[in-house]
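Here's the structure we're looking at; comments come further down.
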Amino acid sequence: MAVALGTAERREWGTPPPENILWSQQASLPRLPVPDLGQTCVRYLRSVRPLLSDTQYEKTVAVVAAFAVGGKGEELQRRLLARRAAKHHTSWLAEWWNQRAYLTDRGPVVFFVSYFYSFKRLVALPPSPELLAGGRLQCTVAAAIVDAALTFKSKIDDGSLLPDKVGGAPQCMSVCHS
């Protein structure tokens, strides 16, 4: 697993060896594809169509066509495909995504970048009058959330966290690397 270095040198993160349950499925996951340029252009045009007048749309179609065929689009597509081929142990997009979505965004990351944030069910406490008095229930819930977050982090660190699954299929856990 990549480790933080004390110098300005950066190391690219790759798939850790499947030594523990957290990383056990990583090698079997499909690689992130580079979207097809033509399909991307068609989807773009479909998405902007309701926002443009007929004249604006015609100009947009011409600009997109010039970009996709014989323009910079073909060169950029080749470069993306080369980047994917060169990064055979990691995602071609991960470094850019982490830089743009997490490290350069000055907004609150949990609320504006992370689409999901929860813990397995916290132990429910009955809202007794003693806890409700003076905001103590709020403090108890906050303490339970901190405890759940630290337990989650501990499972990441020791590799005992089970890989996420969607529809029974394992998901990439690279977001958990340290």
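A few comments on the model shown:
- Considering region 39-111, the qualifying helices (runs of 4 or more DSSP H), each wholly inside and each with 3 or more residues that are surrounded by 12 or more Cβ atoms within 10 Å (Cβ to Cβ) and either in contact with a helix residue (DSSP H, G or I) (Cβ under 6 Å, 6 or more places away or on another chain) or polar (S, T, N, Q) (or both), run over 54-68.
- When restricted to residues that are under 27 Å from Ser91 (Cα atoms), without any contact (Cβ under 8 Å) to a residue 12 or more places away in the chain and not basic (Lys, Arg), region 35-75 contains 9.
- Restricting region 76-118 to residues that are charged (D, E, K, R) and at pLDDT 90 or above, the residue that is nearest to Val34 (Cα to Cα) is Arg84.
- All positions within region 147-168 that are surrounded by fewer than 13 Cβ atoms within 10 Å (Cβ to Cβ) and within 17 Å of the chain's Cα centre (by Cα): Lys165, Val166
The values are calculated or read from the model by the stated rules, or taken from the named source; none is laboratory data. Small disclaimer: the values here were computed from a predicted structure and weren't measured. As a convention, Cβ positions derive from the backbone with ideal geometry for all residues, glycine included, and neighbour counts pool all protein chains shown.
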